[in-house]
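Working notes, beginning with the structure itself.
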Amino acid sequence: MIHAVNESKEILILGPRSAKLELIKHAHHHDAQIAAKIVGVETVDHPSDKEILAYARKFFYKVDQML
């Protein structure tokens, strides 16, 4: 499952509290390279596809402005 993001350069994790924490723990225990790509974590409860896109655009816009 976690290997589906192998090609990603940066990973933003969105989801309910327990689900995203479990994914982060899994990444740290099983694939340090993927864990290192996690650049942000946002708590959202069952976002729609449009909400996911909006969060990602907002998050990565802020990150780009910091560079």
Inset, instruction - Consider residue 35 carefully, then state whether it is part of a helix (DSSP H, G or I), surrounded by 14 or more Cβ atoms within 10 Å (Cβ to Cβ) and of a type in the set (Gly, Ala, Ser). - result: yes
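Yes or no, residue by residue, for (1) touching a residue at least 40 places away in the same chain (Cβ under 8 Å); (2) assigned to a helix (DSSP H, G or I); (3) open to solvent by 100 Å² or more (accessible area, probe 1.4 Å):
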{"site": "4", "(1), (2), (3)": "no, yes, no"}
{"site": "19", "(1), (2), (3)": "no, yes, no"}
{"site": "24", "(1), (2), (3)": "no, yes, no"}
{"site": "28", "(1), (2), (3)": "no, yes, yes"}
{"site": "39", "(1), (2), (3)": "no, no, no"}
{"site": "45", "(1), (2), (3)": "no, no, yes"}
{"site": "54", "(1), (2), (3)": "no, yes, no"}
Inset, instruction - Would you check if residue 12 is within 13 Å of the chain's Cα centre (by Cα), assigned to a strand (DSSP E or B), without any contact (Cβ under 8 Å) to a residue 60 or more places away in the chain and surrounded by 15 or more Cβ atoms within 10 Å (Cβ to Cβ)? - result: yes
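The values are calculated or read from the model by the stated rules, or taken from the named source; none is laboratory data. Remember, predicted model here, so these are calculated numbers, not experimental data. Cβ: placed from backbone, ideal geometry, glycine included. Neighbour counts: every protein chain shown. Surface accessibility is based on the protein's heavy atoms, side chains included, excluding ligands, DNA and RNA. Shrake-Rupley method; radii C 1.70, N 1.55, O 1.52, S 1.80 Å.
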